[in-house]
Amino acid sequence: EHLQTQKLSIPAGSHVQYTLPELFFYKPNLWWPNGMGKQSLYNVEITVDVEDHGESDSWSEHFGFRKIESDIDTTTGGRLFKVNGEPIFIRGGNWILSDGLLRLSKKRYKTDIKFHADMNFNMIRCWGGGLAERPEFYHYCDIYGLLVWQEFWITGDVDGRGVPVSNPDGPLDHDLFLLCARDTVKLLRNHPSLALWVGGNEQVPPDDINTALKNDLQLHPYFETNFESNKNFKKEIS
Amino acid sequence: MAEAIGKRVLDKGWLAARSTEVDLTGVELTTTTPPSSDHSPWIEALIPGTVLATLVKNKLVPDPFYGLENESIIDIADSGREHYTFWFFTTFECNLSTNSYVELNFRAINYSAEVYLNGHKEVLPKGMFRRHSIDVTEFLNSSGENMLAVLVYPPDHPGTIPPEGGQGGDHEIGKDVAAQYVEGWDWMAPIRDRNTGIWDEVSLSFTGPVKIVDPHLVSSFFDDYKRAYLHTTVELVNKGDLVADCTLNIQVGTEPEGDLILV
């Protein structure tokens, strides 16, 4: 078990962002996609106790140790994926959504996603004209080892390449699009099955949206460097 | 018994009614004149779900996925947005202890809404893919029943389906930040209400003065995956009016394998 405790003091009425000292693991059980190994998951639990009050809040989620890389292959123009340094041949399927009336249930997600794993798939692509899928969808992709390619809400047909040509500059409210995208990333980002965020289907989002998404989604340089020192920093958000 | 910290999902006992058939305001619905399921136009609602899912559940429209039944359901383009603008209503009880806080959370609503709780109003801004959290601590009846009403509006640009159909209909839905398939595609017919509704989880979260928000977990690897680090960043909100001296704990355990139970 890995357990760590930090003391901190939070000013009244404030909203702070705090990074704990990183936890070290020696040879952790890695998370692998379907067909490449086990989908090892750890349970991460975070609690906060307040003096003179007791436990104030708690949060827990599954977490999988894995590294997913992908680049465009200059020879074929296709995208090559690697998981934990191992190249993977992608066998994937398109996904729109479970039900057109959005009667989304854990049971249905479990059945649909296990079906994809039983078909020997290792990736599901969530099409840009559908939904940003829900945490329950990602939970079962974590369990069954389905990598997820999640598109944002832009499609060629509706955004500038359809017949008739329409919405060449995407949705009317770009700030709203980015607010929804950022909130969706925060909702889904800890799932080991989440492999790739994609701007849209058959279409690049408008420049300002695309640039902002690329900027927001790159890995923070903080996580690139080698770690020996236990650093923790607290940043006032507001 | 005071509420323990944690989340309570509100997915039972919801009612629904078409907005054009309800003369009361949200304040009246959640104070003097709460609805009941045995009085028309109120029907049992499916939450989470869409307006059409509730109408299908109550057999007020045929199931659009059988035969050509979808053709017999009026499209929002012909009925107008108010036809699919719906009220949703429920009640709940909760017992708050001192220095505790409650947030009302909507994980997704399509497309915008007004929330009324015991006569207090909040507006949920537009966007199908965003979460909403409202601190409702001061509006709650800490003993007895709380009444919650939500008026949900369809997307601003539901569009019109051309006679020949086509990918995304007339593409108007693309002006909003919402799912685009709902105007129909080559593989499916249009969805008549454009998926309007409280389409994802509704919950209450009970906390003390300090709340944990959106932890971010990142792993980094070295020495050929022998050495790994787990980096954790959390947002913490102190809702109280005093400095909070906290102890933040993180525990990482392996999942029980099969029927092995960790003691």
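Values quoted throughout were computed directly from the atomic coordinates according to the rules given, and no laboratory measurement underlies them. In this text, all values refer to a predicted model and were calculated from it rather than measured experimentally. Note that each Cβ is placed from the backbone with ideal geometry, even for glycine, and that neighbours are counted across all protein chains shown.
The criterion of at least 1 residues that are farther than 29 Å from B:Asp176 by Cβ, in contact with a helix residue (DSSP H, G or I) (Cβ under 6 Å, 6 or more places away or on another chain) and in contact (Cβ under 8 Å) with a residue 24 or more places away in the chain is met, among strands (runs of 3 or more DSSP E) falling completely within segment B:28-132, by B:101-106.
Selection within segment B:205-256: residues that are assigned to a loop (DSSP other than H, G, I, E, B) and of a type in the set (Gly, Ala, Ser). The member of this set that is farthest from the other protein chains (Cβ to nearest Cβ) is B:Gly240. Here is the figure for segment B:128-146: residues that are among the small types (Gly, Ala, Ser) and within 12 Å of the chain's Cα centre (by Cα) total 1.
Inside segment A:1-27, residues that are over 19 Å from B:Asn238 (Cα atoms), within 7 Å of chain B (Cβ to nearest Cβ) and either of a type outside the set (Phe, Trp, Tyr) or under 23 Å from the mean Cα position of the chain (by Cα) (or both) make up a count of 9.
Looking across segment A:30-44, the residues that are closer than 23 Å to A:Asp118 by Cβ and not in a loop (DSSP other than H, G, I, E, B) come down to A:Leu30, A:Trp31, A:Gln39. Residue-level check: of (1) touching a Gly at 6+ places or on another chain (Cβ under 7 Å); (2) surrounded by 19 or more Cβ atoms within 10 Å (Cβ to Cβ), B:Ile73 misses just (1). Here A:Leu41 fulfils each of the conditions (1) touching a Gly at 6+ places or on another chain (Cβ under 8 Å); (2) facing chain B (nearest Cβ under 7 Å); (3) free of Cβ contacts under 8 Å to residues at least 60 places away in the same chain; (4) surrounded by fewer than 20 Cβ atoms within 10 Å (Cβ to Cβ) apart from (3). Selection of segment A:127-147 for residues being part of a loop (DSSP other than H, G, I, E, B) and within 11 Å of another protein chain (Cβ to nearest Cβ) yields A:Trp127, A:Gly128, A:Gly129, A:Gly130, A:Leu131, A:Ala132, A:Glu133, A:Arg134.
In the condition set (1) closer than 24 Å to A:Trp32 by Cβ; (2) buried (at least 22 other Cβ atoms within 10 Å of the Cβ), A:Glu136 is compliant with all but (2). Residue-level analysis places A:Ser56 outside the set of residues that are more than 7 Å from chain B (Cβ to nearest Cβ) and in a strand (DSSP E or B).
Scanning segment B:199-231 for residues that are out of contact with any Lys or Arg (no Cβ under 6 Å at 6 or more places or on another chain), under 29 Å from A:Ile68 (Cα atoms) and hydrophobic (A, V, I, L, M, F, W, C) turns up B:Ile212, B:Val213, B:Leu217, B:Val218, B:Phe222, B:Ala228, B:Leu230. Just one of the listed residues (A:Gln150, A:Gln203) is among the polar types (S, T, N, Q) and part of a loop (DSSP other than H, G, I, E, B), namely A:Gln203. In this structure, is A:Arg189 without any contact (Cβ under 8 Å) to a residue 60 or more places away in the chain, more than 7 Å from every other protein chain (Cβ to nearest Cβ) and surrounded by fewer than 22 Cβ atoms within 10 Å (Cβ to Cβ)? Considered against the rule, which asks whether it is without any contact (Cβ under 8 Å) to a residue 60 or more places away in the chain, more than 7 Å from every other protein chain (Cβ to nearest Cβ) and surrounded by fewer than 22 Cβ atoms within 10 Å (Cβ to Cβ), A:Arg189 comes out as no. When segment B:6-42 is limited to residues that are surrounded by fewer than 19 Cβ atoms within 10 Å (Cβ to Cβ) and of a type in the set (Val, Ile, Thr), the one that is farthest from B:Thr91 (Cα to Cα) turns out to be B:Thr20. Inspect all residues belonging to segment B:119-126 and state whether any of them is touching a Pro at 6+ places or on another chain (Cβ under 9 Å) and surrounded by fewer than 19 Cβ atoms within 10 Å (Cβ to Cβ). No - not one qualifying residue is present in segment B:119-126.
Mind listing whichever residues of segment A:149-186 are facing another protein chain (nearest Cβ under 7 Å), closer than 19 Å to B:Pro162 by Cβ and either under 12 Å from the mean Cα position of the chain (by Cα) or not aliphatic (A, V, I, L, M) (or both)? Residues satisfying the conditions are A:Thr155, A:Asp157, A:Asp159, A:Gly162, A:Ser166, A:Asn167.
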